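What follows is a single structure, written as structure tokens, with notes after it.
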Amino acid sequence: MTRRFRCHSPEDDAWSWYETGDDDRPLREAVFAGALRVPTLPEPLSEPLSEPLSDRGTDADGTPRGAAVAASRDQLRVAREEFGPLGVQLYEAVYGVMTPGPVVAPGDAEPVTEEEFERAWARAVFHRHFTRYDSGPLPQGTRVTGTVSVLPWGPGLTGLFVALDALDVPAFVDMAWLPRDPGDWPPVGTVAEFEVTTIRFDLRPEYTGLQVRLRPTAVPPSGEPWPRPARP
């Protein structure tokens with residue numbers, strides 16, 4: 001039987017929301033921690049991601065909290081099956097680490113409805129997509145070297161893909177980070193230095209994907225070649 005409940009941890013000022021199965025292990029887990037701010041969208045999109053303070057999804061006692069965990073057992077399994085240990089490390093960096101064993105509901109745990117849990121879960125996932133993470137193999141801000149591998153839509157459209165030197169994982173540069181003039185886009189084979197901006201998973205049953213999002217650390221003036229990174 002599926003159970004859904006939430007409980008408060010006073011020592012770290014966190015509200016944990018659990019959806020558990022017959023073995024009492026979490027199927028999904030969302031944790032909102034007082035130490036984390038509710039994230040905002042990156043510029044130029046600056047709308048806050050928080051809901052009104054009365055929303056039980058994030059503010060069970062009227063205090064806004066950011067999500068520390070928004071993890072699913074099924075998603076973690078798919079990440080492991082499709083992308084191996086690296087996929088697990090990247091998933092946990094983005095969505096947090098689930099409670100590994102059965103969860104014993106404390107006496108003051110509050111049952112929640114499926115609707116309440118879904119609202120909290122959706123908000124937690126949204127928070128994690130816009131919360132900076134500093135752990136895992138590719139913390140945000142990490143500088144990596146890669147080679148432009150393909151421009152599927154041609155110069156000036158959508159973006160381009162990069163083959164990373166250090167890791168065998170798909171990497172993408174959005175056109176927002178590239179020169180406006182398509183003639184200044186780096187051609188296939190260009191070696192350059194990039195910065196990790198985020199990691200995106202798509203773990204739907206009908207489609208599974210993992211993508212590292214990058215931006216170049218330096219863009220040359222119009223008409224000049226792209227700078228090659230210094231090799232150690």
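So the values come out like this:
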{"quantity": "Residues located in segment 157-176, provided they are over 23 Å from residue 80 (Cβ atoms) and either basic (Lys, Arg) or crowded, with 17+ Cβ neighbours inside 10 Å (or both)", "calculated": "159, 160, 161, 162, 173"}
{"quantity": "Per-region count, segment 58-77, residues of a type in the set (S, T, N, Q) and modelled with pLDDT under 90", "calculated": "2"}
{"quantity": "Any hit, segment 114-123, residues being over 30 Å from residue 8 (Cα atoms) and under 19 Å from the mean Cα position of the chain (by Cα)", "calculated": "no"}
{"quantity": "Residue count, segment 182-207 (criterion: surrounded by 13 or more Cβ atoms within 10 Å (Cβ to Cβ), within 23 Å of residue 135 (Cβ to Cβ) and not aliphatic (A, V, I, L, M))", "calculated": "7"}
{"quantity": "Hey, residue 91 in a loop (DSSP other than H, G, I, E, B), within 12 Å of the chain's Cα centre (by Cα) and surrounded by 17 or more Cβ atoms within 10 Å (Cβ to Cβ) or not", "calculated": "no"}
{"quantity": "Flag if residue 115 is in contact with a strand residue (DSSP E or B) (Cβ under 8 Å, 6 or more places away or on another chain), over 13 Å from residue 203 (Cβ atoms), surrounded by fewer than 17 Cβ atoms within 10 Å (Cβ to Cβ) and modelled with pLDDT of 90 or more", "calculated": "no"}
{"quantity": "Segments classed as strands (runs of 3 or more DSSP E), wholly inside segment 145-232, with at least 3 members that are modelled with pLDDT under 90", "calculated": "191-204, 207-216"}
{"quantity": "Yes/no for residue 202 being closer than 20 Å to residue 95 by Cβ and among the acidic types (Asp, Glu)", "calculated": "yes"}
{"quantity": "Unique match (being exposed (fewer than 14 other Cβ atoms within 10 Å of the Cβ) and in contact with a Phe, Trp or Tyr (Cβ under 8 Å, 6 or more places away or on another chain)) among 179, 152", "calculated": "152"}
{"quantity": "Boolean, residue 19 is modelled with pLDDT of 90 or more, acidic (Asp, Glu) and closer than 21 Å to residue 134 by Cα", "calculated": "no"}
{"quantity": "Filter result (among the acidic types (Asp, Glu), part of a strand (DSSP E or B) and more than 17 Å from the chain's Cα centre (by Cα)) within segment 6-40", "calculated": "19"}
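The values are calculated or read from the model by the stated rules, or taken from the named source; none is laboratory data. What you see is a predicted model, and the numbers here were worked out from it, not measured in a lab. Note that we place each Cβ from the backbone using ideal geometry, even for glycine, and neighbour counts take in every protein chain shown.
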